[in-house]
Amino acid sequence: MKQNYKTVDYEWLTKATGDPFADAGGYAIEYLSEKFPEKDILELIDYITTIYVKKWGGKLDAFFLNSKITNNAFKGNKKIEETKKYFKSLVDESESIEFGYCRVTGREAKLFFAGRNNSVMTGSGKLINFHHFFQRGISLSKEALIRIHFVPFACQQLQGKISLMQSSNRTLNNLFVKLTVEKNLHEIGVGLSEGIAKSDYKKPANAIFDFVDSALSQLAEFREGNILPSLTLYHFTNFGATPEIQLYQLPAKVFLFYRTCLQPRFKEDWQKFVRSHYYDGKHKGAKYNLQSGKFELVKSKETEVIDFDDYKQWFNRILNKLLIDENIRPEILRWSRKHPFNFEIVSIYQQNIIGMKKETILKIKELAAFLVREEDADKIKKRIKALDGAKNASALRRFILKDVVAANYVAMNENPIVTVDDYVNYLFPDGSYWAEIRDILLIAIYQELHERDLISEELKVELDSEVEEEVIND
């Protein structure tokens, strides 16, 4: 970018500020200035404004209320002329209101009022209660206002609102903006651009995890290194009298767990588990085919086959639960009744997401191996039924004392399988949830059976009926 104007601090057009909108706009400026190095900042503003007006028909109402572009008082080229005139006045500093500290950059500079007409999710007009002393807007530097003008080019439309992905890591912030700007430029180049870029997804959770997939595939430092970022999806609209914003947050611990699940040794098991939990009300009764990786829906005598590119738009129970910090243990248990599933995934989840002690998991795995040590389908079936029937902590304790501790004693084993220390500190420590111990023990038992190929046909039939009684999709 040519630096023609001494009144502009060019460093602050792209420098990280911590404000999600200013940072997204700043990287859009950085990307476009590298693509068009011959343009100065006013020429870049002219370039982007022309796109907003001529390609997108001025449809920026979800960002700016009654701006030079969205105000119906201006038509066609007048929108472009008035916008250029406004930003020229900022660069010339002819409309500055005071000298002080910019609310976005934190630097001392000449300041200008920013309201809903030229900034995102701020107050003005009837919403002045957003600001100290009921000012008609917040005070921003020209650099911050210029950056915000580029925000629409860095956002995507998702579920009827605007989405912006931000992270605790700047490289990830820039990746989302880069992918979005490139999507916009491509659609403009082929004549398909009619507004801001549309997300490839309809559900926030699906969009977030797809972005994580993109980051892991494109950036080796996230795939292999120790960088563990958090992610926030800003889902908002600044439209008319109903501005609103909702935040979807993916913590660093979930990023780590999800990344781990995509490692080669876990990926196949994880993908089958996750993909089987897609659901769509318009395709009730669709069954996931483990071999083909597609959903099949029987209609009369015909079978409709739904590919991943189509069903990836559906609601996914697992991804949604991970995003809103709900436990996926019930789904893992249900899946384990019929399918092999690497127990190490369960162990990693319980330790990193739930906070279970490693010693507890090792002890549970030891108990599971003990309970299926005899290849007797009837005995195994009775033990599973007894565990399934444990509806409180007392029942679970009785099961462990009778079916594990007492059985171990009868078997004349020299070493106790459950010591007092195990019982007090790992199986039933203060603050533990008994149902969690029961479910993980059941999962471990099923995985022992799958690994040893000990699930008899009789047990498979019984498990089929049990699983059908459970509901995967509410």
Residue in the stretch 253-276 that is of a type in the set (Asp, Glu), modelled with pLDDT of 95 or more and within 29 Å of PRO340 (Cβ to Cβ) present: yes
Positions within the stretch 11-26 being open to solvent by 30 Å² or more (accessible area, probe 1.4 Å) and out of contact with any strand residue (DSSP E or B) (no Cβ under 8 Å at 6 or more places or on another chain), in sequence order: GLU11, THR14, LYS15, ALA16, THR17, GLY18, ASP19
Residue among ASN226, ASN289 that alone is at pLDDT 95 or above and farther than 27 Å from CYS155 by Cα: ASN289
Test: ILE97 is closer than 28 Å to MET165 by Cα and of a type outside the set (Phe, Trp, Tyr): no
Enumeration of residues in the stretch 428-457 that are under 18 Å from LEU401 (Cα atoms), open to solvent by less than 30 Å² (accessible area, probe 1.4 Å) and part of a loop (DSSP other than H, G, I, E, B): PHE428
Qualifying residue in the stretch 58-65 (condition: of a type in the set (D, E, K, R), modelled with pLDDT under 90 and assigned to a loop (DSSP other than H, G, I, E, B)): no
Single unsatisfied condition, ASN72 versus (1) modelled with pLDDT of 95 or more; (2) open to solvent by 50 Å² or more (accessible area, probe 1.4 Å): (1)
Tally, over the stretch 195-239, of residues that are open to solvent by 80 Å² or more (accessible area, probe 1.4 Å), out of contact with any Leu (no Cβ under 8 Å at 6 or more places or on another chain) and among the hydrophobic types (A, V, I, L, M, F, W, C): 0
Pair list, Cβ under 7 Å, 6 or more apart: the stretch 68-97 residue assigned by the TED database to the domain that holds VAL53 and closer than 19 Å to GLY115 by Cα, other residue of a type in the set (Phe, Trp, Tyr) and open to solvent by 50 Å² or more (accessible area, probe 1.4 Å): VAL91/TYR5; ILE97/PHE113
Members of the stretch 71-123 that are polar (S, T, N, Q) and touching a helix residue (DSSP H, G or I) at 6+ places or on another chain (Cβ under 7 Å): THR83, THR105, ASN118, SER119, THR122
Residue in the stretch 37-53 that is within 18 Å of ILE148 (Cα to Cα), assigned to a loop (DSSP other than H, G, I, E, B) and hydrophobic (A, V, I, L, M, F, W, C) present: no
The stretch 371-414: number of residues that are under 20 Å from ILE437 (Cα atoms), in contact (Cβ under 8 Å) with a residue 40 or more places away in the chain and surrounded by fewer than 17 Cβ atoms within 10 Å (Cβ to Cβ): 4
Criterion: in contact (Cβ under 8 Å) with a residue 40 or more places away in the chain and within 29 Å of the chain's Cα centre (by Cα) - qualifying residue of GLY26, GLY106: GLY26
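The values are calculated or read from the model by the stated rules, or taken from the named source; none is laboratory data. Worth saying up front: this structure is predicted, and the values here are computed from it rather than measured. Cβ: placed from backbone, ideal geometry, glycine included. Neighbour counts: every protein chain shown. When the accessible area is computed, the model is the full protein with side chains, heavy atoms only, and any ligands, DNA or RNA have been set aside. Shrake-Rupley method; radii C 1.70, N 1.55, O 1.52, S 1.80 Å.
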